[in-house]
Amino acid sequence: MIWQFDLPILTLIVICGAFAILVKDLLGSAIIFGAYSFLMCLLWTEMGAVDVAFTEAAVGAGVSTVLFFAAVHRTSREVRSRKSGRKLYKGLGLLASGILGGILFYASGDFPGWADPASPAATHLSPHFITRTIAETSVPNIVTSVLADYRGFDTMFETAVVFTAGLAVLILLRIGGCRTAGPVWQTAAAIRPAYGDSIIRFVTRQLTPFIQLFALYVVAHGHHSPGGGFQGGVILGASFILLAISYDLNMAMNRINEKAALLLANSGLLLYAGIGLLCLLLGANFLDYSILQRILPGVDGVAARSHAMLGVEIGVAVTVMAIVMLIYNNLVSNGTYEKGL
Amino acid sequence: MIDPGQLPILIVIIPLFGAFAVSLAGCCLSKRWCLPLTVLALAGSGWAAFATLNQVIARGPISYRLGGWPPPMGIEYVIDHLNGLVLVVITVVALLAAISSKRSVEVEMPNRINLYYPLYLLLVTGLLGMTITGDAFNLYVLLEISALTTYALIAVGRVRALHAGFNYLILGTIGASLYLLGTGHLYIMTGSLNMADLAVILPDLYSSPAVLVGFILIMVGIWTKMAFFPLHTWLPNSYTYAPDATSCLIAPLMTKVSVYIMLRVMFSLFTPAYVFDHLTVAAPIVWLATAAIIAGSLLALAQKDFKKMLTYLIVAEVGYMVGGAWLANRYGITGAILHIINDALMTLCLFLAAAAIIHKIGGRKLQDLKGIFHRMPLTMAAFMVGALSMIGVPPTAGFFSKWYLILGGIQAGHWEFVAALLFSSLVNAVLFFRIVEIGFFEKPENGEIAEAPLSMLVPLLLAAASLIVVGIYSGDIVTTVIRHAVPEGI
């Protein structure tokens, strides 16, 4: 713990948290919340949890801020609250938060010290992961091997959570339900000229391929460095959102339309679960990748685990990308896909 | 043929793959395929659940290692008598509710069928996954899935459903966060997430304040999710304004699965010795349960909308089960476990009947029920079976669990709990007699028989029949299954 570093960050986090609630302008609140996420990201990095920091940067500070913007854009910037009984509710809420804070504070006195090597979290399971990961999975990034293999079943359902969120937004917002019959979306609608800034458009257009290339790198290189399916998928999705913002919604939807996004979302998660099922069909337990050595030429059980992990990370990335786009498109256009930000 | 060792995972992944199949079929083929595929997936999952329970009864608890990793390194599924039974109940209820949902979904959201059924299956996946897992964090992940799907399935209802669903979203998220926070506390103190492993490590730490706080946070989180009085405020509106098909699924299952999780945390993560002897909170919690029963019953009495009336009964029933579990004796816990099954089935029966009635007459007010017995005799016959079970009349299932709960209350000396149980029976009798009075004795405007469609009637009659069958065989259920589910040393 470097206190000169932590103290200002923690102070700023508290300030940001308080102001995100107190500010009356919701757009301002969303921006403050983005700053809050960025500070959290610094804190994670300082703790050595670089993968978490990466996710926080991509999801917390990046995409969710844009989603807040889209939601505020479609609803209202002001906070309107009911007058009656307001004081009572506020008092009760404050009381509940106070009690919760109190007991959390009480418990924290019992915690092991910061980064204590003798703490239970550092001595119970971690030594196994640290010493055995290479031998058991041949993946140098321990976080990836825990995420995609040791606890790969959790990660499959975390991806399912993302998938569920996308379906939930669709069922609630999409006007008249989802289009499934006929041509999926009007093809090649002309990019509306004469509004927007040509400099922004030019820069976005030049930047998009690089962003997407970086996203693919993040997915593929998750075995060796921080990153993986979630982060890469979010960055891919964000590149399309960037197009949608700098041009308009049609521009992005002509690249990947609603039906394609739904298909991608399904197939990504299906890839993950399908790899698990394949293991089952080959006679091992669900998600026991080592059995895949039977069908992968020239690899042993350990290398099979590493390859399968790449497969599931790609599945995660595809689903996350498609769902991030679906959620943004529906939020920003109120489910009509007619006009973006 | 399928290796019997793989049955536990099939229970969960059949509905998961079913969700993809339904979603892709709705996207690429036709919406006609959505419901049949849903029913097929649930039937497959139900078959696996039954087969697994049989294995547990024959050979004792089963452990399944996901990814082939030994626990506590990897995630483990543990099926014992308690969750084996709950898994069967979940699949049966979900299957009957799915068949019954055909007409009401077609009427209420014709455009959204291809999104509704994947979410439905994901919700069932979530509930099954929460029940079957032996890992405290895996439980949270599945909790998120079931919660997210529920918010969507509730809010897709009529206008007020959006607001009710939003309220539920806020409170449900708080509940889930508290559970996560509690699990985090346990992880900091032990370094493990596996329930069996935690149960080994925790006894040395029982004096630690952090473990205590972890236990409190998990309990309050689960109570919020199960709508335990006074944390119940989100439930009545969200269950009332949800589409009928959704209410038929979530009203019987969500609260019951939460009760199961509470039992699991109390007896598998912690021990009865810690929960009842080390902490001295059992008595106040039974009092709180008493308050839940009385408040739920009285609020049900005040309703003019019969679907809302049923939702307040759920609040009272949650009080039964929480109270029974915290009576800290064998009768009480047996009653609580038996009541998980019985209450799931009788709530299913009543909500299926309500859905059929609302589908036919289009209203939810008690006054709309005039002459309903003459117009929908079969539906009302099934409804009355559910009602008798709710009141606790033998040989319906409701009687037997209430009997165990009363015995437990007497043994523990919690007379207020016994009184509340009897009071709630009385109130239920009044409530349902009121419906008989309106529906049977008041003359209908047109007396022709207009029975509910077969797709609603058949699941409803099956649910009503199951109440009587479970009632008659409840002695066997207790001796072959529940006896082993009650923790030792009580």
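Of (1) open to solvent by less than 40 Å² (accessible area, probe 1.4 Å); (2) within 30 Å of A:ASP288 (Cα to Cα), A:PRO127 satisfies all except one. Which? (1) is the only condition that A:PRO127 fails. Of all the numbered requirements in (1) of a type in the set (A, V, I, L, M, F, W, C); (2) in contact with a Phe, Trp or Tyr (Cβ under 8 Å, 6 or more places away or on another chain); (3) at pLDDT 90 or above, A:ALA244 misses one, and that requirement is (3). One residue alone among B:THR149, B:THR125, B:THR190, B:THR133 is touching a strand residue (DSSP E or B) at 6+ places or on another chain (Cβ under 7 Å) and at the interface with chain A (Cβ under 10 Å from one of its Cβ atoms), and that residue is B:THR133.
Flag: B:VAL436 does not match the condition of being over 19 Å from the mean Cα position of the chain (by Cα), part of a loop (DSSP other than H, G, I, E, B) and among the aliphatic types (A, V, I, L, M).
Of all the residues in segment B:213-229, those that are in contact (Cβ under 8 Å) with a residue 40 or more places away in the chain and either over 14 Å from B:SER146 (Cα atoms) or of a type in the set (Val, Ile, Thr) (or both) number 11. Considering segment B:271-291, the residues that are part of a helix (DSSP H, G or I) and among the hydroxyl-bearing types (Ser, Thr, Tyr) include one that is nearest to B:LEU202 (Cα to Cα), namely B:TYR274.
Taken over segment A:278-288, residues that are under 29 Å from the mean Cα position of the chain (by Cα) and facing chain B (nearest Cβ under 7 Å) amount to 5.
Here A:ASP248 clears all of (1) under 25 Å from A:GLY311 (Cβ atoms); (2) more than 20 Å from the chain's Cα centre (by Cα) except the condition numbered (1). Taking A:ALA168 as the residue in question, decide whether it is within 10 Å of chain B (Cβ to nearest Cβ), modelled with pLDDT of 85 or more, under 25 Å from the mean Cα position of the chain (by Cα) and outside any loop (DSSP other than H, G, I, E, B). So A:ALA168 fits the description; yes. With the structure loaded, tell me whether B:ARG32 is part of a helix (DSSP H, G or I), within 14 Å of chain A (Cβ to nearest Cβ) and either over 24 Å from B:LEU180 (Cα atoms) or modelled with pLDDT under 90 (or both) or whether it fails that test. The answer is yes for B:ARG32.
Each row is one residue, and each column tells you yes or no for (1) among the charged types (D, E, K, R); (2) open to solvent by 20 Å² or more (accessible area, probe 1.4 Å); (3) within 11 Å of chain A (Cβ to nearest Cβ).
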site	(1), (2), (3)
B:ALA161	no, no, yes
B:ALA164	no, no, no
B:TYR168	no, no, no
B:ILE174	no, yes, yes
B:LEU181	no, yes, yes
B:HIS185	no, no, yes
B:SER207	no, yes, yes
B:VAL211	no, no, yes
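If you go through segment A:307-330 one residue at a time, do you hit one that is part of a helix (DSSP H, G or I), away from chain B (no Cβ under 13 Å), over 21 Å from the mean Cα position of the chain (by Cα) and surrounded by fewer than 22 Cβ atoms within 10 Å (Cβ to Cβ)? Yes: one or more hits. Condition first: within 14 Å of chain B (Cβ to nearest Cβ) and open to solvent by less than 10 Å² (accessible area, probe 1.4 Å). Now tell me which residues in segment A:228-275 satisfy that. Once the filter is applied, which keeps residues that are within 14 Å of chain B (Cβ to nearest Cβ) and open to solvent by less than 10 Å² (accessible area, probe 1.4 Å), segment A:228-275 yields A:GLU258, A:ALA261, A:LEU262, A:ALA265, A:ASN266, A:GLY268, A:LEU269, A:TYR272, A:ALA273. Of the residues making up segment B:67-106, those that are within 14 Å of chain A (Cβ to nearest Cβ) and closer than 30 Å to B:PRO36 by Cβ number 3.
Would you mind finding the one in B:LEU405, B:LEU422 that is out of contact with any Lys or Arg (no Cβ under 7 Å at 6 or more places or on another chain), open to solvent by 40 Å² or more (accessible area, probe 1.4 Å) and among the aliphatic types (A, V, I, L, M)? The conditions single out B:LEU422.
Applying the selection to segment B:352-367, what residues are open to solvent by 50 Å² or more (accessible area, probe 1.4 Å) and either free of Cβ contacts under 8 Å to residues at least 24 places away in the same chain or of a type in the set (Ser, Thr, Tyr) (or both)? Once the filter is applied, which keeps residues that are open to solvent by 50 Å² or more (accessible area, probe 1.4 Å) and either free of Cβ contacts under 8 Å to residues at least 24 places away in the same chain or of a type in the set (Ser, Thr, Tyr) (or both), segment B:352-367 yields only B:GLY362. Contact map, segment A:140-159: residues that are under 24 Å from A:THR45 (Cβ atoms) paired with residues that are at pLDDT 90 or above and not in a helix (DSSP H, G or I), Cβ distance under 9 Å, separation 6+ or inter-chain. Pairs shown: A:TYR150/B:ILE75; A:ARG151/B:ILE75; A:ARG151/B:ASP135; A:ARG151/B:LEU193; A:ASP154/B:ILE75; A:ASP154/B:ASP135.
The values are calculated or read from the model by the stated rules, or taken from the named source; none is laboratory data. Because the structure is a prediction, the values reported are computed rather than measured. Methodologically, a virtual Cβ is constructed for each residue, glycine included, from the backbone with ideal geometry; neighbour enumeration extends over all protein chains shown. The protein model used for the area step is the full one, side chains on, heavy atoms only, and it has no ligands, DNA or RNA in it. Shrake-Rupley method; radii C 1.70, N 1.55, O 1.52, S 1.80 Å.
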